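Working notes, beginning with the structure itself.
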Amino acid sequence: MPEPRAMETPGDLFRALVEGIPQLSWATSPEGVCDYLSPQWYDYSGYSEAELPYDGWSTLLHPDDHPSAVAAWRAAIAGIAVYDLEYRLRRADGEYRWFRTRGRQLANGRWAGTCTEVHEAREVAHTLSVLVEIERKTRDEGDPERIMAIIARSLGERLHVSRCAYADVWDGNRFRIQHDYTDGVPSSSGDYELNLFGPRAEALMRSGEPLVIRDVETELRDEGGAEMFLKIGVRAIVCCPLVKDGTLVAMMAVHQTQARNWTPEEIALIRLVVERSWSALVRARAERELRELNSELERRVEERTEKLQAAVKELEGFTYTVAHDLRAPVRAMVGNAKILNDDFGNAMPPDAVDSLSRISTAAKKLGALVEDLLTYARLGRREIQRETFKLSELLSAVVKSVAAEDPRPMELLCEAKPTIEADREQIRLLLQNLVQNAAKYRSKDRPLELCFGERDGAYYLRDNGIGIDMQYVGKIFLPFERLHRDAEYPGTGIGLANVHRIVERHGGRVWAESEGTGKGSTFWFTLGSRD
């Protein structure tokens, strides 16, 4: 069993508690006169008890914080407000550090409280607020020069300096300040050489270490570089370099026209900002280069598109001219073949009759191709004439027209009856080609069934024909591309190409689907935003 300890008085307990905590503790009389300072005060200030009497603690206060501290204490003594505020106290090395002071009145009227150091927390919060502000202001900014100006102003105003500048370095020695923040001093924008600022500055910048000068006149008097600094109005400076892959690429500097004792927190903030500045500028420059590249690509695409459109137009004109000029000779071939057959068919040998028949068949096929080519060419030359009509009604009329020329059974089911705004004549041709295509590729063992409908802004025409092999579906809308031999399914290969051109000219698109051979096909099309 431990030996029983002598009874401790409340005063002993209080003193042990106060002297064991890291805070600076204090106590005052009911009138507010300080009559106790804990030992931590003397450890922090470097003074002895004789050098720092109880009522002399206020000599440690930062001059700028003295008025607010006195006002807060008077308000607390008068019972107007709680005594809770932050101020700076001078440390033994002369640096002022932030403390949060809180006090309360005891039952006997006396006051007691503590001062807790919050310097690091304030500096971290300050640094974060600067970085957040810079990020917010530069996030959507795409101009590198504008980003430089924003960063220089944000940092310069936070540190209350005479000038703040960001510089890009090239060739390892030359650097350029394009924009700087100034407060009552001229701008330092321009091109410079690093070696002009003295060997100390040059060596530190290349090594990636900050240059910290509190007084140019005294610190650089015997080293060189003072003349250049003073020439641009610099008495105190912090310059933080940014070294990437062993190469000095950028610098961030703050200048003061008077001597200044820079704090470690200020130096750390400048180092962070130069790193963030580099990242923001690299991003902005990359985005600008991408925009310029895209602009150049768009210009080239537009130029080539114009040339291609001109070539297409020229080709369309050529196609139209050739097809138009072939019309008369082809008709003459068909007509003369018929006359020969009617007038001399019985007198000609069988081989001659067969040859004449072949000539007539080929001429008719050539005639059909010429007509389809003329239609295809006209679609590219004719302006769209929009009007409002019911698509299902036009389709029904087209089906009746096609059925009138084809004795085989054909049925149409309309599951939708949309009203559209489009070129009625071109849409009629589109539907006619789709219906004729379905009639041509119908199944031989069942009647042709067509189903028209609409889904999600797209129209479809479904049939129960022979279907499509989907590995070749990309070819069916190209001119002269056919998936079957002419002997099986005669045609010119222009019909679905006309469908594609009509839909394209209306600002839409067309595609086909099929579950496979023998399972029918579905042709889908849209007509753009004005359908």
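The values are calculated or read from the model by the stated rules, or taken from the named source; none is laboratory data. None of the values given here were measured: they were computed from a predicted structure. Cβ atoms come from the backbone with ideal geometry, glycine included; neighbour counts cover every protein chain shown.
Considering (1) at positive phi; (2) surrounded by 15 or more Cβ atoms within 10 Å (Cβ to Cβ), the lone condition that residue 211 does not fulfil carries the number (1).
Residues in the stretch 160-169 that are over 20 Å from residue 205 (Cβ atoms) and either within 32 Å of the chain's Cα centre (by Cα) or crowded, with 19+ Cβ neighbours inside 10 Å (or both): 1 in all. Residue 78 meets the conditions (1) within 24 Å of residue 264 (Cβ to Cβ); (2) without any contact (Cβ under 8 Å) to a residue 40 or more places away in the chain in every case but one. The failed one is (1). Out of (1) in a helix (DSSP H, G or I); (2) free of Cβ contacts under 8 Å to residues at least 12 places away in the same chain; (3) assigned by the TED database to the domain that holds residue 173, the odd one out for residue 276 is which? Against the list (1) in a helix (DSSP H, G or I); (2) free of Cβ contacts under 8 Å to residues at least 12 places away in the same chain; (3) assigned by the TED database to the domain that holds residue 173, residue 276 comes up short only on (2).
Within the stretch 170-182, being in contact with a strand residue (DSSP E or B) (Cβ under 7 Å, 6 or more places away or on another chain) and either surrounded by fewer than 17 Cβ atoms within 10 Å (Cβ to Cβ) or closer than 23 Å to residue 131 by Cα (or both) holds for 172, 173, 174, 176, 177, 180, 181, 182.
If you check 214, 200 for being closer than 25 Å to residue 260 by Cα and modelled with pLDDT of 90 or more, only one passes: 214. Of the residues making up the stretch 132-156, those that are touching a Lys or Arg at 6+ places or on another chain (Cβ under 7 Å) and at pLDDT below 80 are 134, 142, 144. Being polar (S, T, N, Q), assigned to a helix (DSSP H, G or I) and farther than 17 Å from residue 148 by Cβ, is that true of even one residue in the stretch 160-181? Checking the stretch 160-181: not a single residue is polar (S, T, N, Q), assigned to a helix (DSSP H, G or I) and farther than 17 Å from residue 148 by Cβ. Residue count for the stretch 102-116 satisfying the condition of being in contact with a helix residue (DSSP H, G or I) (Cβ under 9 Å, 6 or more places away or on another chain) and buried (at least 18 other Cβ atoms within 10 Å of the Cβ): 4. Pairs meeting the criteria (first residue in the stretch 391-414 and among the polar types (S, T, N, Q), second residue part of a helix (DSSP H, G or I), beta carbons under 9 Å, at least 6 apart or on different chains) are 401/432; 401/435. Among the helices (runs of 4 or more DSSP H) confined to the stretch 185-238, the ones with at least 2 residues that are in contact (Cβ under 8 Å) with a residue 24 or more places away in the chain and within 13 Å of residue 253 (Cβ to Cβ) are located at 199-207, 226-231. Starting from residues that are among the aliphatic types (A, V, I, L, M), farther than 17 Å from residue 54 by Cα and within 54 Å of the chain's Cα centre (by Cα), keep the ones in the stretch 77-91 and report whichever is surrounded by the fewest Cβ atoms within 10 Å (Cβ to Cβ). Across the stretch 77-91, the extreme among qualifying residues is 80.
In the stretch 170-229, the qualifying residues are those that are touching a Gly at 6+ places or on another chain (Cβ under 7 Å) and among the aliphatic types (A, V, I, L, M), and the one that is farthest from residue 155 (Cα to Cα) is 220. Taking the residues in the stretch 106-129 that are part of a loop (DSSP other than H, G, I, E, B) and closer than 17 Å to residue 17 by Cβ as candidates, determine which candidate is farthest from the chain's Cα centre (by Cα). Per the criteria, the residue is 110.
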